Amino acid sequence: MDLTQFQQKSEVSRHSSRTRLGRAALTLLIAVLLALFLLFVTVPIASLFLRISPEAFLRSLAEPVVLDALSLSLITATMSTVIVVIFGTPLALINARHDYRGRDLVDTLTDLPIVLPPAVAGIALLMAFGRRGVVGQYLDLFGIHIAFTTVAVILAQVFVASPFYIRQAKASFEAVDRIYEDAARTLGASPWAVARRITIPLAWGGLISGAILSFARALGEFGATIMFAGNFQGRTQTMPLAIYTTMQGDLDASISLAIILVMISFAVIAAVKVVTRRNF
Amino acid sequence: MKRSNQATLVAVSLLIVAALMVAGCTTTGETPGETTTLTVFTAASLTGAFTDIGKAFEAENEGVKVDFVFDGSQALRTQIEHGAAVDIFVSANMKHMNALRDGGFMDDDTVTPFLENSLALVTPADNPAGITGLADLANPGVKLVIGTKDVPFGDYTRQMLDNMAADPEYGEDYRDAVMENVISEETAVTSVMPKLMLGEADVSIVYVSDISKDDRDKLKRFDIPSEYITERPIYPLGILAESPHKVEAESFIAFVRGPDGSATLTDYGFDPIPAEE
């Protein structure tokens, strides 16, 4: 072995040991970052459960403010999800399957509420549908009042939650292979039959998970609701509003409502996972 | 090449961890000789008056800056109970101040009532529901906005309605009809006013002082007879036990209770309680 060979060999071994060390350090660092992040998410959620005794939690569940908020939230979020599905499904199907002038504009407008701050949605809805609003002043002539009613809660939820369904629905329609639709069409199926018998069943998983996500967003709506629908127990005080209000007087009720929402959120994620796994 | 990438990644990760740790450890301290900032948690109904008083105080006291947080007294109390660093707390009722004092948050000797206020009915200037007095609050279809049960103006409203319910002239049915007309319960008076000015609400029960000079042509006020007011709204203020700026806080309180502060408060419709010498 001459000298250059020896030098090369030692160079290689030094190189590889340094690489191994670097890799170990990197793994450790990534593990630390990951652990820190997971702690950052889990500690606050766990704290909700640690800051209230099971007895106090159960006691709070019997409080009218908690029960009213829970039932109002479930009813309004269900209604708004139904409305979003009824209006959003045809829109998503058309935008997934047809190219027309202005489609990009429609896509942009339907996506807008995702990036729009809820406070903006709240004041915008009030300016439109308030008693002296752009539309509201004419509705007022017929004795129709929307602002500060349960209807306003639902409208606020539809406004902020619709993109979650429409985006997902559009993506799942786009994922359906056109071959099946073309085959049905050549066999004489009407466009309606194609949509009902072929496209929608094939996109089903995506539609359901989109509807679940939309429901979850509606359930969590706060800013637009408190500005446009107000804050009244049993009528417009949904769970997030009740959490905000009771935090200023009855912390146990506030924490209990938060815990219920955490549980629902977990159920939502689990449901979406199950639905998407079964279908794709 | 690959190695240098890894090195960069390690360096970046280290930097993030270090930044997190530094962020966790640093506290915002004040360098001597610089401006002292007083944080004053103030009941929302004092928004206009205290903003003016704060400016006048700053003009007279160089080196002291006053930062206000205006919100419902119950919201401010909750924040203090959960660790907000505050120098002075101004509450719109004794209840929230007493709760903080009992919890050991206040410097007890500094807590004093300094203001009285009155409740009033307020409607938009065109008074769409034709409100003329308390009896009209129970008319079907009136859109009424009140405070939540914890915010002082909501608490005072409920006391008044309870007193009226106990009087055969109005009775329980009156109170039920009034509560049926409520379209929203607000957590601070400051969120009531826009609803009246936008015409979304027909009437609200707030404080006499809530109609600012600028809004007098947009809103109409109806005084509430004192017979149903068992407890006049009383505002206490005090210095927090953990305030690091007690001297400046004391001079601010002295200013509020002094001739300039009192004049401003009177101008806004409050009744200052004279300081005992």
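Couple of notes before you dig in:
- Those residues of the stretch A:131-163 which are of a type in the set (Phe, Trp, Tyr) and surrounded by 23 or more Cβ atoms within 10 Å (Cβ to Cβ), in sequence order: A:148, A:159
- Residue list for the stretch B:194-218, restricted to those being more than 14 Å from chain A (Cβ to nearest Cβ) and either in contact with an Asp or Glu (Cβ under 7 Å, 6 or more places away or on another chain) or surrounded by fewer than 20 Cβ atoms within 10 Å (Cβ to Cβ) (or both): B:208, B:212, B:213, B:214, B:215, B:216, B:217
Per-residue answers, yes or no, for (1) surrounded by fewer than 21 Cβ atoms within 10 Å (Cβ to Cβ); (2) in a loop (DSSP other than H, G, I, E, B); (3) not assigned by TED's automatic domain parsing to the domain that holds residue B:207:
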| site | (1), (2), (3) |
| --- | --- |
| B:129 | yes, yes, no |
| B:132 | yes, yes, no |
| B:136 | yes, no, no |
| B:141 | yes, yes, no |
| B:145 | no, no, no |
| B:150 | no, yes, no |
| B:159 | yes, no, no |
| B:165 | yes, no, no |
| B:169 | yes, yes, no |
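- Residue B:263, sole failed condition from (1) in contact (Cβ under 8 Å) with a residue 60 or more places away in the chain; (2) not assigned by TED's automatic domain parsing to the domain that holds residue B:143: (1)
- Complete set of residues in the stretch A:71-82 that are surrounded by fewer than 24 Cβ atoms within 10 Å (Cβ to Cβ) and either more than 11 Å from residue A:237 (Cβ to Cβ) or among the hydroxyl-bearing types (Ser, Thr, Tyr) (or both): A:71, A:74, A:75, A:78, A:79, A:82
- The residue that is farthest from residue B:236 (Cα to Cα), among those in the stretch B:92-126 that are in a loop (DSSP other than H, G, I, E, B) and charged (D, E, K, R), is B:126.
- Complete set of residues in the stretch B:251-260 that are of a type in the set (A, V, I, L, M) and in contact (Cβ under 8 Å) with a residue 60 or more places away in the chain: B:253, B:256
- Residue within the stretch A:192-211 that is out of contact with any Pro (no Cβ under 6 Å at 6 or more places or on another chain) and farther than 26 Å from residue A:91 by Cβ present: no
- Test: residue in the stretch A:194-210 that is surrounded by fewer than 24 Cβ atoms within 10 Å (Cβ to Cβ), without any contact (Cβ under 8 Å) to a residue 60 or more places away in the chain and under 27 Å from residue A:124 (Cβ atoms): no
- Of all residues in the stretch B:66-89 being of a type in the set (A, V, I, L, M, F, W, C) and assigned to a helix (DSSP H, G or I), the one that is nearest to the other protein chains (Cβ to nearest Cβ): B:75
- Residue A:90 buried (at least 19 other Cβ atoms within 10 Å of the Cβ), away from chain B (no Cβ under 14 Å) and over 25 Å from residue A:246 (Cα atoms): no
- Per this entry, residue A:21 is not counted among residues that are facing another protein chain (nearest Cβ under 10 Å) and either touching an Asp or Glu at 6+ places or on another chain (Cβ under 7 Å) or modelled with pLDDT under 95 (or both).
- A Cβ distance below 7 Å, combined with a sequence gap of six or more or placement on separate chains, defines the contacts here; from the stretch A:95-115, residues that are closer than 17 Å to residue A:158 by Cα and assigned by TED's automatic domain parsing to the domain that holds residue A:199 reach residues that are among the hydroxyl-bearing types (Ser, Thr, Tyr) and at pLDDT 95 or above in the pairs A:110/A:162; A:113/A:162.
- Among the residues of the stretch B:178-191, the one identified as more than 9 Å from chain A (Cβ to nearest Cβ), surrounded by fewer than 24 Cβ atoms within 10 Å (Cβ to Cβ) and outside any helix (DSSP H, G or I) is B:181.
- Tally of residues being within 25 Å of residue B:72 (Cα to Cα) and among the charged types (D, E, K, R) across the stretch B:156-171: 2
The values are calculated or read from the model by the stated rules, or taken from the named source; none is laboratory data. In this text the structure is predicted, and so the values were computed from the model without any measurement. Note that we place each Cβ from the backbone using ideal geometry, even for glycine, and neighbour counts take in every protein chain shown.
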